[in-house]
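The values are calculated or read from the model by the stated rules, or taken from the named source; none is laboratory data. In this text, all values refer to a predicted model and were calculated from it rather than measured experimentally. When we count neighbours, we look across all protein chains shown, and the Cβ atoms used for this are built from the backbone with ideal geometry, even at glycine. Side chains are part of the model used for accessible areas, which takes the heavy atoms of the whole protein and leaves out ligands, DNA and RNA. Shrake-Rupley method; radii C 1.70, N 1.55, O 1.52, S 1.80 Å.
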Amino acid sequence: MSSLVSYSSERLGRLHDDAERIVADPAVAVATQSIRERSGAGSEMLGWLDLPSKRDDLSRLIDTATSLREEIDTLVVIGIGGSYLGARAVLEATAWRRDGGPTVFFAGHHLEGQELGRLLKSLEGREVAVNVISKSGTTTEPAIAFRLLRKFLEDTYGPEKAAKRIVATTDAQRGALRTLADQKDYVTFAVPDDVGGRFSVLTPVGLFPLAVAGCDVQALLDGAAAEAARCLEGDAAQVPAVRYAALRHAAHLQGSAVEVLASFFPSLHSIAEWWKQLFGESEGKQGRGLFPAAVDYTTDLHSMGQYLQDGRRILVETFVDVADPPAGPVIPSDADDLDGLEYLAGRTVDAVNREALPAVADAHGDGGVPCQVITLPDATEASVGSLLFFFEFAVAVSGRLLGVNPFDQPGVEAYKTNLFRRLGKPGFAD
């Protein structure tokens, strides 16, 4: 199907030569089967496998989003981590397809007062709605942002009208945000109990703000469903997401400590931010896992390029490409040719950009960096949906190969405990 991403390991050096042996290892089949059969550590959090085809509340979600977008010109999405990264990633990757619709701001993912103040100031005079996303309603960063934005809405529209402009995506039955939503009669959508935050982009967590912004969420789910069908059936060694997981794991075993996700499309920057959380939070346990880093090319070739070419050989590099990107401008002719670019006149900027990936991959590969390429057929919602599920399935298999539970995040709590103690939160004084 055209929405499916493709994977190439041709530039992985010796790993490419050993690729068929690596992916045929029985451990890879066992790891894949444990996800397919929903067994092993964290199996109670595998509800994301069903999301592409589980669309029970989708009609209400789309209807609510459509009605809201007709009343507003600005949506503020409040959330942190998986509560906003997925939506932001899809929104930016497919922005070229939308004309008009609400401006979307994101809040609740930091604690910089100046930036929050600037956001509140910029909302004055706009028609604003808020989508607050939190399983509990007590996570510090989004809870602070929501207090501020709820007060802004209530001061601007009055409490009753403000309640009509707040949509809460939260636990179905419990938690502080659920209690408040019930008291204030907010429209609500549920975060499934069996889906962790970093896997939640295909739940209302991601789908509702995307629908308000004008994204084709049906196509997003269709693309994910196509990838899910490929991941959940057949010979594991022939599934691209499994091959990616197995070969990056092999690179890790051979000494790679960092995986760099690289793209030549600024619109995919937030895809990389989402990917960093997905892999970092899923694999970084018990002293194991590749550290996920990201670069934006060609920009970072003029800053990080030196290290990538000649630095420590602890890297494996994964390129995310788009085979058929949106059309860009044509480079004009200039008779003076003072910049020496006349040889490019008449070509599109995208045509120049398309030559950059193989040039960089060849250079880095020759320099000893194992390189692999994941290619989207185009920059549509369907292709992005396929990519999201590709990475989700890959990290699940990779976690199994590492011997860690890819669906928990025990280390995240340490900083929270320290912060609560420093802030004087009741119960944390000691």
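Looking at the stretch 344-353, is at least one residue under 24 Å from GLN254 (Cβ atoms) and modelled with pLDDT of 95 or more?
no
If I filter the stretch 1-35 down to residues being among the polar types (S, T, N, Q) and touching a strand residue (DSSP E or B) at 6+ places or on another chain (Cβ under 8 Å), which single residue comes out as surrounded by the fewest Cβ atoms within 10 Å (Cβ to Cβ)?
Within the stretch 1-35, the subset among the polar types (S, T, N, Q) is 2-3, 6, 8-9, 32-34.
Next, only the ones that are touching a strand residue (DSSP E or B) at 6+ places or on another chain (Cβ under 8 Å) stay: 2-3, 6, 8-9.
Working: SER2: 12, SER3: 23, SER6: 14, SER8: 18, SER9: 22.
Ranking the candidates gives SER2 first.
Return the only residue of LEU180, LEU232, LEU207 being aliphatic (A, V, I, L, M) and crowded, with 20+ Cβ neighbours inside 10 Å.
LEU207
Pull up the stretch 314-337, narrow it to residues that are among the β-branched types (Val, Ile, Thr) and over 28 Å from ARG11 (Cβ atoms), then point me to the one that is most open to solvent (accessible area, probe 1.4 Å).
Per the stated criteria, the residue is VAL330.
Out of the stretch 135-168, which residues are within 14 Å of ASP185 (Cα to Cα) and in contact (Cβ under 8 Å) with a residue 40 or more places away in the chain?
Result: ARG165, VAL167.
Do any helices (runs of 4 or more DSSP H) entirely within the stretch 205-286 hold 1 or more residues that are within 25 Å of LEU308 (Cα to Cα), and if so, which? Even if it seems obvious, please write down each step before you answer.
Working: elements: 217-231, 240-253, 269-283.
Fully inside the stretch 205-286 and qualifying: 240-253, 269-283.
Of the residues that sit in the stretch 132-162 and are outside any helix (DSSP H, G or I) and open to solvent by less than 50 Å² (accessible area, probe 1.4 Å), which one is nearest to VAL76 (Cα to Cα)?
VAL132
Only residues that are outside any strand (DSSP E or B) and touching a residue at least 24 places away in the same chain (Cβ under 8 Å): list them for the stretch 100-123, please.
Matches in the stretch 100-123: GLY100, GLY101, PRO102, GLY108, HIS109, HIS110, LEU111, LEU116, LEU119, LEU120, LEU123.
Residues to consider are ALA129, ALA95; find the one that is open to solvent by less than 30 Å² (accessible area, probe 1.4 Å), under 13 Å from ALA213 (Cα atoms) and not acidic (Asp, Glu). Steps first, answer last, please.
On the way: ALA95 fails: open to solvent by less than 30 Å² (accessible area, probe 1.4 Å).
Going through ALA129, ALA95 in turn, just one is open to solvent by less than 30 Å² (accessible area, probe 1.4 Å), under 13 Å from ALA213 (Cα atoms) and not acidic (Asp, Glu): ALA129.
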